Amino acid sequence: LFLAVCAVGIGGTFQYGYNVSIINAPTQHIHRFLNETWTNRYHKALNPDLLTFLWSVIASVFSLGGMCGALVGGSMAIRLGRKGALLMNNIIAMLASILMGISFPTGLFELLIAGRFLIGINSGVGICVQPLYLGEVAPKHLRGGMAMGSSIFLTGGILMGQIIGLRELLGEEMYWPLLLSSSCLPAFAQLLFLPWFPESPRYLLIDRGDELSCVKALKRFHGSSEYEREMEDIQRESFALDGEKAKKPWQLFTDRAVRWQLITVIVMTMGQQLSGINAIYFYATYVFEQAGISAEQIPYVTLGTGACECLTALTCGLLIDYVGRRYLIIGGYLLMTFWSIVLTFSLTYQELYPWVPYVSMTSIFAFILSFGLGPGGITNTLIAELFIQSSRAAAYMIGGTISWISFFTIGMLFPFIVNRLKQYCFLVFLLECSSVAAFLFFVIPETKNKSFLAIEKEFHKLNFGRN
């Protein structure tokens, strides 16, 4: 089971974190490449406004690709299987790597845009299908920890991208095409290792009706002496579905039986992206400068934020099956609310006392820790648990699409929010975090050690009333 998490994660959410992270290091190098390419092609200098527009397209087309990937990821998981969809997804990553790698020698920045779009599709599919696979192969008592593999590999990808982007490695100007095309390596690793692992047993029995393959897969994952309990759980779910086929995303919006599960998914995925974590990374450089850290050393201190997020994902993976999902996600949002208050005050009085920048620095790391322990780690796990087999893939498509739209929206609006509100932007995020915490407190049940059918029954009163 542990090796399956690694094989799935390296080409799944790792790619998302890695490709979000590596685009930051070569920003100035890509600007220079755009200027030189434009001058050579049209024999005139590139207008600064057009340069800003082209760079914005290169940076934001990734999220557009991610949204497309989320829209097709669920369908791929149904048609090709969870494992088959992940394997096919690596072909997209390799094509994207080739396009980004040859953009510089060919002098075609259009290839860079196309490559970023394709790697966005790859990330969108991966972040949709990977937690789907892990949630279905895990036994009840390990489901939370295994599903946390998605967050662990995502944060590990962010940290790895920060490390590879350092000047001593691939951060120099001559190496930026190699840096962007290095995402082919995780794709190759998954193509090498994932074929050795079985398909999701739930998919094999419920979606394919292949009981023999399901038993073989369960024996591989849970051992010959322990697989019967999981087999009974899958058979009960299959019997309850009574041959019902996998639903399309639009069918969930009209299905009263999943109404509050769907509302919960939408609130959680929007809350995760709009929680202020992007504002934290935006303000990190300013706070580090105010604390007296030189500009040359800031990239190395920023590694601490990536390491902090990765550490919390690992910690959450260890705690989730003991503490429970409900306490961690609500507690995470409440802690983020508290640190938003502290940050607002510390950034307001940043220059009043010499010790205040260190309070801001501590608050930044504390906010990241709170995010990783709560919404950053638990959201994908809960999406897998709130739905039964026929609705789960469609739920991930909806959740993924909402998440990417929110990611794109905050990327577009965030500069304006910061320019207008300055440090008071954290009051907006404070309101958002506290509202999500209140919603989850009243709506979401504890899902620890419960079968998917038992969790569905928990929502029955909300969806249909007490009668």
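The values are calculated or read from the model by the stated rules, or taken from the named source; none is laboratory data. In this text, all values refer to a predicted model and were calculated from it rather than measured experimentally. Glycine gets a Cβ as well: all are built from the backbone with ideal geometry, and neighbour counts include every protein chain shown. For accessibility, only protein heavy atoms count, side chains too; no ligands or nucleic acids. Shrake-Rupley method; radii C 1.70, N 1.55, O 1.52, S 1.80 Å.
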### Task
Once you have all Cα-Cα distances for the stretch 251-466, histogram them in 5 Å bins from zero and send the whole-percent values.
1, 7, 14, 17, 19, 15, 10, 7, 5, 3, 2, 0, 0
### Query
How much accessible area per residue does the chain have, in Å², with a 1.4 Å probe?
43 Å²
### Query
What FRET efficiency would be calculated for the residue pair Leu80, Asn24, taking the C-beta separation as r and a Förster radius of 35 Å, to the nearest 0.05?
0.60
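Cα-Cα pairs above 26 Å in the stretch 85-202: how many percent? Don't jump to the answer; show the numbers that get you there.
Values: 1876 of 6903 pairs.
Every Cα pair in the stretch 85-202 considered, those over 26 Å come to 27 percent.
Using every Cα-Cα pair within the chain, state what percent have a distance larger than 28 Å.
51 percent
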### Query
What percentage of the solvent-accessible surface of the stretch 1-197, computed with a 1.4 Å probe over protein heavy atoms, is contributed by carbon and sulfur atoms?
73 percent
#### Entry: Euclidean distance of C-alpha centroids, the stretch 46-70 and the stretch 215-240, integer Å
46 Å
### Task
Calculate, axis by axis, the spread of Cα positions in the stretch 299-350 along the three principal axes, and write the results as whole Å, longest axis first.
40, 27, 8
### Task
May I ask you to evaluate 6.51 cos²θ - 1.76 cosθ + 1.60, the Karplus curve with θ = phi - 60°, for each residue of the stretch 450-459 and list the ³J(HN,Hα) values in order in whole Hz, giving x for glycine and proline?
10, 6, 4, 5, 5, 5, 4, 5, 4, 8
### Percent accessible area from carbon and sulfur atoms, the stretch 251-466, protein chains only, probe 1.4 Å
69 percent
### Summary
Across 10 Å bins beginning at 0, the whole-percent shares of Cα-Cα pair distances in the stretch 1-197 come to 10, 36, 32, 15, 6, 1, 0
